[in-house]
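Right, one structure below, let's go through it.
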Amino acid sequence: SSHKHKLNFKRSKEACLSYIQDAMLQKQWKRAAEFLTFYTESLEKDYSREHISPSEMIWRIGTEILCHHSHSSMKEFNSFIEQMKTLGVKRYLKVCLEHAFHLLCNGLIDEAYQNLSLAESWRFGEQTVIQDKEMKLIQAYRGLLDYYSWSKQKNILLEHGQDGFEDLSVEQEMHSCFRKAAVNLKEIIKIPGVWDLFVKCYVDLLEFYGDHNEARQVLNEYAYNSKFPANPNAHVYLYQFLKRHGESKKSLISALKILHDIVPSHELMIDFNTMLQKSKKRKKRRLGLEVIFAALDYAGWKENVKAWSCLARQMKQIVISEKHLDWIKHEWNSRKDWWPAFHFSRYLAKKNWQENESLSYEKALVAGILLGKDCKYFKYVSHQGCKARVKRFRILKKFVNKHNPVYLRISG
Amino acid sequence: DFNERCAQCSEVNWGLTDGGRFYCRSCHNVTERTREVVNTDFASNTRVQTISKGSRKQEKHDEGCEWYVCEGFQLVLKKQAEALEALGVCSQMKDEILCNFWRHYLQKSKQAYCNRPAGETVEALSVCDSSTDVDSEPERPSLLRLLSVSESEGDLQTDCSFASSTTKMSESTSVCSGSVDGSLYLMKNQKEKLRMTMPMTLSFCYMALLWLREPITLSDLLRFVVEGHIPYLNVFQHFPEKMKLCGLDLKIFCVESWPAYEEVFNKMLELAAFLDLPRFPDITDSCFLHPDMLCMKYLMEANLPDELHNWTCRVVKKTCIGEVDFLTLVPGNKSTRKVKYDVLAVALIVVVLKLLFLLDDHYEWLLSDFAEERNKNNKEGGPYFEFKKWYKVIKCSLDVEQKKLDEERAKYLWRCEKPLFYSAKKKSKVLKRRQMVVSLQNQFGKLSGSVRPAEKPNPSSFQLSWSEENTDGSCFHGHSLKGILQEKCGLLTAVNPDYWLCTVKLCTEKLCGHLAHYREVDFPQSYHFILRLFSFLLKIQPSYIHDEVCAIEQKLFHKKLCKKPKYNTGLRK
C-alpha cells in the first residue's frame, strides 16, 4: 500500500480488475458488471506487453457475467460475443468455438451449428494457418453435430421400419450427415490428443456402415499409438468393440491387460478376472488373482459383492485343489499388514453383516482363509450367520475349519 | 483599435477572426489588416501576426491550423485559472498573476530555442510594456520590470526567415504531431530551459495561489484536480476544433497519472527559481497558510478538541516555525528547507498528540480509561476527551472513507469522447475501439443494477465533517482536555511526562530524499493510525508527514538533543 497514492491508468485498471474478480468469486454479478463498465476503456490502451490483454479479459469476464446474471438473455450474450469476435483477430476462432459450446449448453443446437459453419469458412491470411488447431476443433465439433443429426435420423428410420418412400429423403440426409461427420471426425482423431467422444462417435458410424476394419484400426491407433497420451478409455473402447464382435478371449485379455496396468481399480477388472479365472493357462489364472486383489486395494471396492465373490471363488478353488497356495501367499505378503484393518475389522464385520449379508458371506470366506478361523471377522460373521440359521454360513464354517491348516501355511 | 470604415458597407463595426484579421460584423467582409498587439486577456490564439506575414500558410489541411505547443499550455492554464476563479479564488489570479508568470516563463525559456523565432519574444515584451501601468499593487514587486530588461537582447529575425523556418518545420513535423513544434519540443534536452509539462501547469497554479496567499493548500489543489473541479485530465478536449492533436502531442498533453504532491511542489520551486522571482509575499499569522490557522482547520477535520489549538500554537512559538521568514518562500535560496504548509500543520498536530498522549500504544489508553472514569462523575461542563472513543469513531469513518476512495479510484475513467490517435492511419481503429468501449459500457451498465452516481461531489475544503448537533456524541470539538492536563506554576502542562522521538538524528534530505525512513512496524500502532488519518486527508504517503514530525521534534527538543549525545528512547520534557 505504499504506492496507494500514486495513481495512474495502469494501477487504476489493475485495482478495477481485482474488484471484478472479488465480485465474481462472491457471485455478485451486478457488482462485477458495474466494475466491468469501468474496466472496458482498457481497450483503448496498448497492453501488448502484458501476458493477458484487456480484450481477452473482457471477453472472459463478460462471458461469465452474462452466463450468470439473472437479467441477461441469450440475445444479449450473442450480441456481446459478436463484438468480442471483432476485437481480436488472433482469438477469433477460439471465441467462435467457445460461443458454440455455450449455445450447445443452452440447447441451441442449430445456432451452434450455424456458428461453427460460419467459423469454418473464415479466412484471414496467415492467421488461418496460425489458428489451424482451433480450426480443426471447429471442424471436429461440427462433425460431431453432424453425427448427432445422423443419429436422430437413424432413429427415425429405425422407428418407422425399412419401408416407406417418405423415409427416402431421411435416409439420403442421413447418409449425407454421415459423410460430413466422418470426414471431420477422422481428421481430428489423427492428431495426438484425448478425443474420447469423437472416437466413440466415429466408431459408431463405421460400425453402422459395416466398416469394421477401419473401426478396429482407429481404436488400435487410439489405444496403442505412443504419441497419444495414456488414456484408459481408449482401452475400454477397444475392449468393448472386440467384445461386440466376438473376438477371441486372447485379444480381449490383451486389451484389458493394459487397462489393469493403468487403472487397477477400473470396473472392468471384474470381467477381466472372470475371464482369467476360466483360462486354461496357469499364468493367466495367476494374473486373475493378481487383478482381483489389486482391485480390492481400493476403497471404492470395499463393498463390492461381485468383486469379493470373484476373489472368494478363486481362493476357494485354489484351497480345495491345494495347488498354487504360493500364489495366495505372494499376494497376501504385501497386504497382510493393512488389509486386516482395512477390510476385516470387527466394526466392518458388524456393519457388513447388518447391511449386506452376501457381502459379509464372501468376505468371511476370504478372511477365514487368509486369517484363519479365529480371526475377528470370520468369527463374528459365521457366528451370526449360524445363529440366524442361514445354511450357507454353516457350510462356510465347516469349510474354513476344515482348511485351517492352509491358513497356517499362508501366514507362515 | 481599428476605426476605419468598412470598404464594403461603410460601417465601423469590427470583429476579429481567429486568424487575427479584422472583419466587418455587418457585412462579414474580411480585411487584410491584422492586430499588431495581442490584448492582455488570454485568447485561444495568441499568435501575433504582423501585417507583412502574407507568405505564411494559414492552414495545412482543410481542418487544422498551425499551433505551437506553448499555445496549448496557455489554453490549459487559462482553463485552470477559470476553474479556480469559479472555486472562489480572486480574479487577479487569472488576469494578472498567472498570466504574468506565464509570459515571463515564455520569455525566459523561448529565447534559447534556436529555430524559434524571437518574434514571439518581441510580442511578449510589447504586451507587458502596455500593461505595466495596470500593475500598481505596492506589495507585489513589479515582475514586469524584470521582463523589460531583456528588451534589448535577442535578435529579431526578419519576417521572411521566420516564414521559411515555419515552413521547414511544418514539412518535417507534420507527420509526427499536430502541433508545429511537437517533436522538437520532446527532442531537445530541456533541462536548462525547464520544459513545460502538464504537471507543471499545476505548479504554475500553485505558485500563483501562493503568491496571492489564497486559502487553498497544495493538497487541496491536487484533490480538486482529482475530483474534476480543475481541468487536468483530458483538458485538451477544450482546445478549439482547429487545433488538431495527434502524434507526439499526445505525449505532451495526455496524462495517464495523477501528479504527486512532491512532484508538483518541487517543480514549483524550480520554476520560481527559474523565473528569478523575488521573495514571495509574507505569510503572516493572519494568513490561512500560517500553521496557527491551518492547524485549526485540520483539528476540526480530524474531529479533535478545539483546546488542542492552544497547544499547537505553543509549539509553533517554541520552535519558531511561525516566523514570517521561516514560512515565506524565497526562491533560489537553497539553504532553507521549503515549507509545505499543509504537511507542517498536520505534523504539528501529531507532535501535540504525542506530547499529550505519548502514543506508545499504552499510555493513551490508560489516560482514556482515566478520563472515562472521571466522565462518569462529570455532570457539569463539557465531557472530558476520551482517546478511546475518538479512536473508535475516527477509525470507523476512516475505514469507510478509505474503502469508498479505493473503489472510486478503481472506477476512474481516464478516456474521454475526444479521440486521440498517433497518426491518421490509426484514426479509424481508434474510433472503432471507442465505439466498442461505449457499447460495452452501455451493455454492462444496464446490468449493474444500481443507478450511476456519477455526479462529482461539490468542491469542499473539508473531506470529513463533524457536527456538534449530533446527539450520538460523535463530535469531539467541544470536549475538554482537563482530564489530561495539570497546573504547574500557573501553566497548564500535560500529565504525560514522557516523550519519544521519532528519530534521534535527521538524514540529509539532499542525499536520500527524506529526513527519516518510516516503516510502520517500527512505530506504535497509535502513531501509525494518526499518520494514516492525516495521510488520507492530504492524500500523501505517511512517510512525508513522518519526515515533518521529525523535523519539528528536532527543533522542539534541540537543546536537549545537543546536550545528550547518547541515544534516548524517551525524553523528559
Taking the simple approach of a point 7 Å from Cα along Cα-to-Cβ for both B:His558 and B:Lys404, what is their distance in nm?
4.2 nm
Peptide B:431-444 - average C-beta neighbours from other chains (10 Å radius)
6
Sum -39500 (n - 2.57) across every DSSP H segment of at least 4 residues in chain A, then divide by the residue count to get the 222 nm mean residue ellipticity, nearest 500.
-23500 deg cm²/dmol
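Going through the cross-link list A:Lys283/A:Lys351; B:Lys242/B:Lys427; A:Lys136/B:Lys429; B:Lys338/B:Lys418; A:Lys90/A:Lys190; A:Lys27/B:Lys446, which pairs have a Cα-Cα distance over 28 Å in this structure? Numbers along the way, then the final one.
Values: A:Lys283/A:Lys351 36 Å; B:Lys242/B:Lys427 17 Å; A:Lys136/B:Lys429 30 Å; B:Lys338/B:Lys418 40 Å; A:Lys90/A:Lys190 25 Å; A:Lys27/B:Lys446 17 Å.
Going by Cα-Cα distance, A:Lys283/A:Lys351; A:Lys136/B:Lys429; B:Lys338/B:Lys418 fall outside the 28 Å limit.
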Packing-wise, with mean Cβ within 10 Å as the measure, how do A:186-194, B:350-358 rank, highest first?
B:350-358, A:186-194
C-alpha long axis of helix A:132-160 to longest principal axis of chain A, angle in °
70 degrees
Explain nothing, just the number: relative contact order of chain A, from Cα pairs under 8 Å at least 6 residues apart, as a whole percent.
6 percent
Exercise: per-residue mean of other protein chain Cβ atoms within 10 Å, A:10-22:
3
From other protein chains only, count the Cβ atoms within 10 Å of every residue's Cβ in A:58-64, then give the mean.
1
Just the number please: accessible area per residue for the range A:338-412, 1.4 Å probe, all protein chains included, in Å².
52 Å²
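Run through the range B:451-536 and list the chymotrypsin sites (Phe, Trp or Tyr not before Pro) located in a DSSP loop whose Cβ has at most 13 other Cβ atoms within 10 Å.
For chymotrypsin sites (Phe, Trp or Tyr not before Pro) across the range B:451-536 that sit outside H, G, I, E and B with at most 13 neighbouring Cβ atoms in 10 Å, the list reads B:Phe462.
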How many Å² of accessible surface get buried when A and B come together, counting both sides, probe radius 1.4 Å, rounded to the nearest 100?
3500 Å²
Measure off, as a whole percent, the carbon and sulfur share of the 1.4 Å-probe accessible area of chain A, all protein chains present.
51 percent
Non-local residues with an amide H under 5 Å from the amide H of B:Val255, with H modelled 1.01 Å from N and Pro and chain starts lacking one, are B:Asn234
Distance between the range A:210-248 and the range B:406-440 - C-alpha centres, whole angstrom
55 Å
Percent accessible area from carbon and sulfur atoms, the range B:370-463, protein chains only, probe 1.4 Å:
54 percent
By average Cβ neighbour count within 10 Å, what is the ranking of A:114-124, A:35-45 from highest down?
A:35-45, A:114-124
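The values are calculated or read from the model by the stated rules, or taken from the named source; none is laboratory data. What you are looking at is a predicted structure, and each value in this text was computed from that prediction instead of being measured. Methodologically, a virtual Cβ is constructed for each residue, glycine included, from the backbone with ideal geometry; neighbour enumeration extends over all protein chains shown. Each accessible area value is taken on the protein alone, full model and side chains, heavy atoms only, with ligands, DNA and RNA left out. Shrake-Rupley method; radii C 1.70, N 1.55, O 1.52, S 1.80 Å.
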